[in-house]
Amino acid sequence: MWEEIRPQAAADLDRHDRAYRRWVREQRAGGRFVALVAEDPNGRPVGSGALWLMPYQPRPGPLGRPEMPYVLSMFTEPSYRGQGVASAIVRGLVRWAREHRYGRVVLHASRQGRPVYERLGFEAGNEMRLELVRAGPAPRRTAPASRR
Ligand SMILES: CC(C)(COP(=O)(O)OP(=O)(O)OC[C@H]1O[C@@H](n2cnc3c(N)ncnc32)[C@H](O)[C@@H]1OP(=O)(O)O)[C@@H](O)C(=O)NCCC(=O)NCCS
């Protein structure tokens, strides 16, 4: 996913993979991570996405739970794109959040992901940000990138 979204970070991807796997294991052990995987008829994974129950500050009203469902790690194998795989996964994750009585689902969209989310009813909110570090260009991989 990151190779497509932010190619300039390619040099960091192997380190990132290890850190991300460790993090996912911790989140799963804590019951804060739900994922859906789409398979082809032979059981080969062709797309996936996850919902992380992100820690959230207490606030009044229907969003008062101490965690917020956050969609992440959306990826569809290129040859399976445009067939509704990601849309089905996001719908499944939203259904899960609804069934568990969460009041909102959030995410940060890539350029490719935005139309998928918009079509499913996601809208831009009022988040602002201040960049304290600008991601500069990093060396590209010299060997062909492995699939991730
Ligand atoms: C973004 C991404 C996950 C979308 O995956 P996808 O499985 O192709 O998504 P969908 O098929 O559900 O929707 C994509 C397109 O297919 C169309 N589509 C949806 N259901 C369809 C169906 N049943 N038949 C044909 N086309 C369909 C949609 O209209 C959409 O068209 P658009 O791109 O012109 O707006 C995929 O492009 C990807 O992995 N990109 C790289 C990583 C990335 O950016 N991840 C998102 C991080 S936020």
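Which of the following residues is under 22 Å from Gln27 (Cβ atoms) and small (Gly, Ala, Ser): Ser87, Ser73, Ser79?
That would be Ser73, the only listed residue that is under 22 Å from Gln27 (Cβ atoms) and small (Gly, Ala, Ser).
Taking Pro62 and the conditions (1) more than 22 Å from Phe122 (Cα to Cα); (2) outside any strand (DSSP E or B), which numbered condition does it fall short on, given that it satisfies the others?
(1)
Look through Gly64, Gly103, Gly84, Gly113 and report the one residue that is within 16 Å of the ligand (Cβ to nearest atom) and exposed (fewer than 15 other Cβ atoms within 10 Å of the Cβ).
Gly84
Name the pairs: first residue in segment 76-95 and β-branched (Val, Ile, Thr), second residue more than 6 Å from the ligand (Cβ to nearest atom), Cβ to Cβ under 6 Å, at least 6 apart or on different chains?
Val85/Ala38; Ile89/Leu36; Ile89/Gly49; Val90/Leu120; Val94/Val105
Could you tell me which residue of segment 44-55 is surrounded by the fewest Cβ atoms within 10 Å (Cβ to Cβ), considering only residues that are in a strand (DSSP E or B) and not small (Gly, Ala, Ser)?
Residue satisfying both the conditions and the ranking: Pro55.
Mind checking which residues of segment 1-43 are part of a loop (DSSP other than H, G, I, E, B) and within 27 Å of Gly84 (Cα to Cα)?
The answer is Met1, Arg6, Arg32, Asp40, Pro41, Asn42, Gly43.
For segment 67-79: of the residues being under 18 Å from the mean Cα position of the chain (by Cα) and farther than 17 Å from Tyr20 by Cβ, which is surrounded by the fewest Cβ atoms within 10 Å (Cβ to Cβ)?
Pro78
Within segment 71-80, is there a residue that is among the small types (Gly, Ala, Ser), within 16 Å of the ligand (Cβ to nearest atom) and not in a loop (DSSP other than H, G, I, E, B)?
Checking segment 71-80: at least one residue is among the small types (Gly, Ala, Ser), within 16 Å of the ligand (Cβ to nearest atom) and not in a loop (DSSP other than H, G, I, E, B).
Among the residues in segment 118-130, are any surrounded by 12 or more Cβ atoms within 10 Å (Cβ to Cβ), assigned to a loop (DSSP other than H, G, I, E, B) and within 16 Å of the ligand (Cβ to nearest atom)?
yes
Bear in mind that the values in this text are calculations on the coordinates, not laboratory data. No experiment lies behind these values; they were computed from the predicted model shown. Every residue, glycine as well, gets a Cβ built from its backbone with ideal geometry; the counts of neighbours run over all protein chains shown.
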